[in-house]
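Accompanying notes for the structure given below.
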Amino acid sequence: MKKNLVAASLSVLLCASCKPGQPAEVVSNPETITPAPVAGTAAYVAPVYIELPLGAIKPQGWLLHQLQIMRDGTTGHLDEVYAKVRDDNGWLGGQGDGWEETPYWLDGAVPLAYLLDDKALQEKVLQYINWTLDNQRPSGYFGPITKAERESGAKITADNPELGEDWWPKMIMLKVLKQYYTATGDERVIPFMTRYFNYQQEALKKAPIGNWTEWSESRGHDNVLMAQWLYGITKDKSLLELAALIESQTFPWSTWLGNRDWAINAATQQNDQNWMHRHGVNVAMAIKDPAVNYQRTGDVQYLKALNTGFNDLMTLHGLPYGMFSADEDLHGNNPTQGTELCAIVESMYSLEEIIGITGDQRYMDALERMTFNALPTQTTDDYNNKQYFQIANQVQVKRGVFNFSLPFEREMNNVFGMRSGYTCCLANMHQGWTKFASHLWYATPDKGLAALEYSPNQITAKVGEKQTEVVIDEETSYPFDDVITFHLNTSGDVAFPLQLRIPSWCQQAIVSLNGQQLRSAEGGQIITINRTWQNNDKLALQLPMEVSTSNWGRNSRTVERGPLVYALKLEEKWEKGHDEKEGDYYSVFPKGAWNYGLLQKVVQAPAENLEVRKVKPVTEDFVWNLQHAPIEITAPAKKIPGWKTIENGTAPQPVTARDGLFMGQVDDKVETITLVPYGCTKVRVVAFPVVK
């Protein structure tokens, strides 16, 4: 029988040093951080925001359509179209894939199945979940049948853990099981995890977290996070001891993120030494490490490390679309560097966990920017093909050896294909939209709700002292339009606090209740409306979106409006190709000129020189492409005749002076260029040089 997990979660008390929507005070030097002693686990901090059970939030509008596309595409059918997952799968007892790709796929397919309440997809993913739960060894070990078990009939116990296999794929499967449990309340999950963590407690003494690969050693925080999640349910202190043990065997990401030597070295070195320390996906996963450690220890120095590390990461490696370069390693802030799709979805997940633990708004804003800009551009409309690396200024998509830290001799890491590049992204890309949809809302410890990310959806939750059920329909065309309307449906009057995030980019938000202005609020805060709500109350949040420009690598400028960045609209020419090893793929070329510089007056007075046009509504069949782009911005620009050369597959950024101006030859003629949301493009310029 499904448990009332929302009601249970709302009983959690807030840390005395934290207020809703605010991080704890940060002090001390991050370089003094030392791993918590294995037994030093008494200072566990309850999360500021509490994740809702999977399925409590139902996507609507354009977001629902995005998930339906995924269900009809590879998310719903990867086990049918991708041989590595399809054939003799190890997570179903076979001798095929027993590594990360099947759990990666399930990490997105499971939430999709329950977000859409799709019975067929639920039955599909349950095959893997049931096999995993039903085939746990008596010792607590789980996962595909190992070579030693298959060949000699060995029994894996904490006395011979070396006969098992790598810890890493199991970390992903634990995330899958957590989501499944919150959706169903399946009573098998908690004892299963308890037995496994008891096994780990002893096995790690003989087979430490990095026993098989550096992947586990670099990603142990995902294991820690799941142990601490279980502690939040069972209050078994041995789980915190286990978490501290795993952390002590994992790369010291919290220390590195708080120590600027790491960020500087990652920015300057592209050799084969310590590359796992700067591998973009490892970093994306590790962003949450300080928050996870803070949750276990209460040591506020970890929050300082988090803030320092994220700031340094985005300063040294940040790109206009909200992500850092990761091609595959961190690689600076030049707009011609790439970002791996896996790094995007893992960064999103890290931020979602950080938000819950810390309540820090800067990470809510970062998640929004990343999701609405970086994520949609890297897959095709049907969600059947992906791009391994995307580039900010991507004036063509084609085969080649690029100036990436992983040049990839097969020349397939920039094209769109199902199997182009490495297929980790084919398996892992599914968690991006699904987990974002399931983290639009959080519960609050004072029995309320917090809307921290905005998209069309319906939420059902129990709130207030009497745990009254409310249904809230969030109607909006956000991030394209600036109004979000919340329609409340209750069986009677109910008192509870409702928190709303006012993004930092918004200068002055307006909140109205039933057509009457309730209050205004400056950006960069979370406001609370604490009142007795009535059935059919309608709360409207308006977040006026003003145009602006921002400064990026090589003195380039990007046009922004609200949460979106805007790129040059270029009509696309798609060409299909075939690679013997990696199958069908697509190249994309621009039909028009792309070598434009923005006029200096745009930077000096964007509101006066940029015109925003709403060209079409955001309908329920919206797709992130040029044909559906609902907003266009026109801008004055001039061509740069010499900016046509393409080197290593990209167009090198023109040289500018200290004042930001391009110093070379520029056409006399002023032209009007059209910009569209970055996420709707495949070829574009988003980081423009500036000309007189």
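Using the Cα gyration tensor of region 553-691, with a ≥ b ≥ c the square roots of its eigenvalues, what is the shape: rounded (a/c below 1.5), prolate (a/b larger than b/c) or oblate (neither)? Oblate, because a/c is 1.5 or more while a/b does not exceed b/c. Decide, for region 355-470, between rounded, prolate and oblate: order the square roots of the alpha carbon gyration tensor eigenvalues as a ≥ b ≥ c, take rounded if a/c falls under 1.5, and otherwise choose prolate if a/b is larger than b/c, else oblate. Prolate, since a/c reaches 1.5 and a/b exceeds b/c. Each Lys and Arg Cβ is given +1 and each Asp and Glu Cβ -1; about its Cα centre, region 553-691 then shows a dipole of about 440 debye. If you take the Cα centroid of region 204-269 and the Cα centroid of region 40-88, the two points sit 23 Å apart. Within the shell defined by Cβ-Cβ distances under 12 Å, the residues around GLU453 carry a net charge of -1, with Lys and Arg each +1 and Asp and Glu each -1. Rounded to the nearest 20, the Cβ-based charge dipole of region 425-502 about its Cα centre (Lys and Arg +1, Asp and Glu -1) stands at 320 debye. Since only THR674, ILE640, VAL603 are under comparison, the one whose Cα sits farthest along the positive direction of the charge dipole of region 553-691, derived from C-beta charges on Lys, Arg, Asp and Glu, is VAL603. Neighbours of GLY153, meaning other residues whose beta-carbon lies under 14 angstrom from its beta-carbon, give a summed charge of +2 when Lys and Arg score +1 and Asp and Glu score -1. The charge dipole of the chain, taken about its Cα centre with unit charges on the Cβ of Lys, Arg, Asp and Glu (plus for the first two, minus for the last two), comes to roughly 920 debye.
How far is the Cα center of region 437-466 from the Cα center of region 89-111, in Å? Centre-to-centre distance over Cα atoms comes out at 31 Å.
The calculated 222 nm mean residue ellipticity attributable to helices in the chain amounts to -10000 deg cm²/dmol, summing -39500 (n - 2.57) over DSSP H runs of n ≥ 4 and dividing by all residues. So what's the net charge close to GLU241: Lys and Arg +1, Asp and Glu -1, counting the other residues with Cβ under 15 Å from its Cβ? Spelling it out: positives minus negatives among the neighbours equals +1. Measuring from centroid to centroid over Cα atoms, what is the spacing of region 568-621 and region 654-689 in Å? One Cα centre to the other: 12 Å. Name the residue farthest towards the positive end of the dipole of the chain from the options HIS578, ASN393, TRP105, assuming +1 on Cβ of Lys and Arg, -1 on Cβ of Asp and Glu, about the Cα centre. The residue sitting farthest along the positive end of the dipole is ASN393.
Bear in mind that the values in this text are calculations on the coordinates, not laboratory data. Computed from a predicted structure; not experimentally measured. Reconstructed Cβ throughout: ideal geometry from the backbone, glycine too, with neighbour counts over all protein chains shown.
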